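Since the structure comes first, as structure tokens, the remarks are kept for the end.
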Amino acid sequence: MIFERNERTIELNTEYRKGIASITKLADIFEIIEHSDQKDVIINLTEYKYIHPSYAAIIAAMPYIGDIYNKKIRIKFNPQNDKSIIFLSNNGILRHFNADKFLRKKTMSSIDFSYITGEGEIGITIEKLLDLWPVNLSPILRAEMYSRIYEIFLNAVTHSKSDRVYYSGSPDTQGTFAFTVYDAGIGIPQNVNNFLKAKISSTDALGWALEKGNSTLNLKVDYPRGLGLSLLESFVNANKGDITIASSDAYCKIAKNRRRIESLPKSLKGTFFSITVRNDTGRRYILSTERR
Amino acid sequence: MTIIIKDFTTTALSEEAGYKLREKINEILSTGRNDIIELDFEGISLFSTAFFNASVGYFVLQMGPEKCKRLFKLINISDLGQDTYNHSLENAEIVFSRNFSIDSMGLVTKRNIEEA
């Protein structure tokens with residue numbers, strides 16, 4: 001294929017496994033997009049090898065994010081590359097962008113990529129995605145999942161100052177299910193520094209935001225804000241899962257009752273929040289309250 | 001005095017529902033009565049910290065956590081709801097302990113009025 005001179009192609013032809021290295025690569029993509037002289041940018045998946053499902057929401061959000069950079073972003077794929085078609089089908093990306101003719105039947109239960117534009121859409125979105133969750137949910141467990149996912153969306157909608165909050169969810173090959181919420185908004189470090197009227201590092205800012213009692217919305221309203229994260233931690237720890245947060249050049253992984261915050265070599269646009277839990281349908285999730 | 005939550009909301013999720021609960025509590029407090037206020041969550045299965053922050057959390061900042069713990073009694077609440085409430089209360093206690101003063105609240109209220 002001949003690319004026009006005003007096109008820039010970004011190749012996604014390496015593996016994007018779960019972890020800080022892949023998030024750095026994704027951050028690099030945003031940097032390339034932002035600084036590209038070309039107005040047309042192509043995210044090229046024709047040589048796709050592997051992308052962890054937790055990153056589907058970021059990849060699929062890129063055509064929308066082009067507006068922020070005054071760029072037109074398109075995703076290119078090869079229908080003969082089975083792996084890429086399976087990835088794009090399983091995460092609902094083909095369907096979302098009306099590429100149904102390339103769809104393959106899903107190989108697993110998953111939550112199609114989509115987005116919400118405000119708090120009013122959270123409830124109905126959660127109802128739909130819980131119907132698609134791969135593990136059978138008792139009414140009590142469904143209520144807990146609903147409540148916890150509500151906190152995730154509410155945080156993103158409230159803090160991002162972004163017009164869209166993207167999401168998707170699907171299983172990986174490790175017997176777990178990854179649910180991701182991504183926004184291309186202001187990012188946690190900037191939000192925190194604006195609130196504190198300071199210039200603390202991104203990792204310090206992320207650490208501040210994760211602490212109980214801290215919220216950039218405190219003192220803007222007459223009641224204390226936060227803290228949905230501690231509830232999510234309880235649920236994830238009870239079910240041997242983990243939480244990954246990346247915002248600007250700060251990264252945090254929460255697993256096994258520990259938090260690890262590190263710097264990213266590159267700055268990711270917005271905030272990536274992904275929760276991974278078990279996907280073995282023969283078992284049920286443990287309620288956070290059952291641990292006590 | 002008992003406030004039946006399902007009388008004005010089907011879930012304890014949103015900030016908006018939290019404001020409604022706050023209003024109900026204020027109506028009781030404005031009568032000058034010092035009785036325990038029961039919050040009856042019969043029929044409520046979904047909870048978020050946003051709801052409790054906007055309702056009980058507000059009173060924690062106004063009166064202090066100890067007074068609130070004596071004032072409010074939650075009944076017919078699921079483990080999920082109690083867990084969520086506990087997290088919200090703990091968060092509110094931390095904010096209160098950081099000298100969130102009446103003056104600060106006054107400034108917030110004044111700013112809100114000016115911006116309205």
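The values are calculated or read from the model by the stated rules, or taken from the named source; none is laboratory data. Fair warning: this is a prediction, and the values are worked out from it, not measured in the lab. All Cβ positions, even for glycine, are placed from backbone atoms using ideal geometry, and neighbour counts span all protein chains on display. For accessibility, only protein heavy atoms count, side chains too; no ligands or nucleic acids. Shrake-Rupley method; radii C 1.70, N 1.55, O 1.52, S 1.80 Å.
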Given +1 on the Cβ of Lys and Arg, -1 on the Cβ of Asp and Glu, and no further charges, what dipole in debye does the stretch A:166-250 carry about its Cα centre, rounded to the nearest 20?
-> 260
For chain A, what is the relative contact order in percent, using Cα pairs closer than 8 Å and at least 6 residues apart in sequence?
-> 17
Nearest-0.05 FRET efficiency for A:K128 and B:S97, computed from C-beta distance (R0 56 Å) | 0.90
Report the charge-dipole magnitude of chain A in Debye, nearest 20, computed about the Cα centre from +1 at each Lys and Arg Cβ and -1 at each Asp and Glu Cβ.
-> 580
How about A:K128: which lysines have a C-alpha closer than 22 Å to its C-alpha, ignoring those fewer than 8 places off in the same chain?
-> A:K105, A:K106
Over all directions, what mean area does the Cα convex hull of the stretch B:1-92 project, stated in square nanometres?
-> 5.0
Local net charge near A:Y55, Cβ-Cβ under 12 Å (Lys/Arg +1, Asp/Glu -1) = +1
Pop the C-beta distance of B:L29 and A:K25 into the FRET formula with R0 = 51 Å and round what comes out to the nearest 0.05.
-> 0.35
Size of the stretch A:78-213 along its principal axes in angstrom, Cα-based, largest extent first?
-> 51, 40, 31
Taking both sides together, what accessible area is buried at the B/A interface, probe 1.4 Å, expressed in Å² and rounded to the nearest 100?
-> 2500
Taking the alpha-carbon centre of each part, the distance from the stretch B:67-99 to the stretch A:28-67 in Å is 43
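For the pairs A:K18/A:K83; A:K39/A:K101; A:K18/A:K71; A:K25/A:K76, note any where the Cα-Cα span goes beyond 22 Å. Could the numbers behind the result be given before it?
Numbers: A:K18/A:K83 17 Å; A:K39/A:K101 28 Å; A:K18/A:K71 28 Å; A:K25/A:K76 18 Å.
Checking Cα-Cα distances, A:K39/A:K101; A:K18/A:K71 exceed 22 Å.
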Please report how far the C-alpha centroid of the stretch A:146-213 lies from that of the stretch A:232-255, rounded to the nearest whole angstrom.
-> 11
Radius 10 Å from Cβ of A:T24, net charge of other residues (Lys, Arg +1; Asp, Glu -1) | 0
Beyond 13 Å, what share of the Cα-Cα pairs of the stretch B:1-41 is found? Please give it as a whole percent.
-> 49
Virtual spin-label span in nm between B:N76 and A:E47, 7 Å along Cα→Cβ | 6.5
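Suppose only helical runs count, i.e. DSSP H with n ≥ 4. What mean residue ellipticity at 222 nm does that imply for the protein assembly as shown under -39500 (n - 2.57) per run, divided by all residues and rounded to the nearest 500 deg cm²/dmol?
Mean residue ellipticity, 222 nm, calculated: -12500 deg cm²/dmol.
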Can you give the accessible area per residue of the protein assembly as shown, in Å², using a 1.4 Å probe?
-> 45
In angstroms, what radius of gyration and Dmax does the protein assembly as shown have, counting Cα atoms only?
-> 22.5, 79
Here the FRET efficiency for A:E7 versus A:N136, based on Cβ atoms and R0 = 35 Å and rounded to 0.05, is 0.15
Dipole of the stretch A:1-142, positive direction: furthest Cα of A:F30, A:F102, A:Y69, with charges on the beta-carbon | A:F102
Based on the Cα gyration tensor of the stretch A:1-148, what are the three equivalent ellipsoid semi-axes, each the root of five times an eigenvalue, rounded to whole Å and given largest first?
-> 30, 18, 15
Taking amide H positions as placed in the peptide plane 1.01 Å from N, state which residues far from A:I111 in sequence (5 or more) or on other chains have amide H under 5 Å from it.
-> A:G169, A:S170
Report the trypsin sites (Lys or Arg not before Pro) located in the stretch A:1-80 that are in a DSSP loop and have at most 11 other Cβ atoms inside 10 Å of their Cβ, or state none.
-> A:R5
Of A:T117, A:I58, A:A184, which is farthest along the charge dipole of the protein assembly as shown in the positive direction, counting Lys and Arg as +1 and Asp and Glu as -1 at C-beta?
-> A:I58
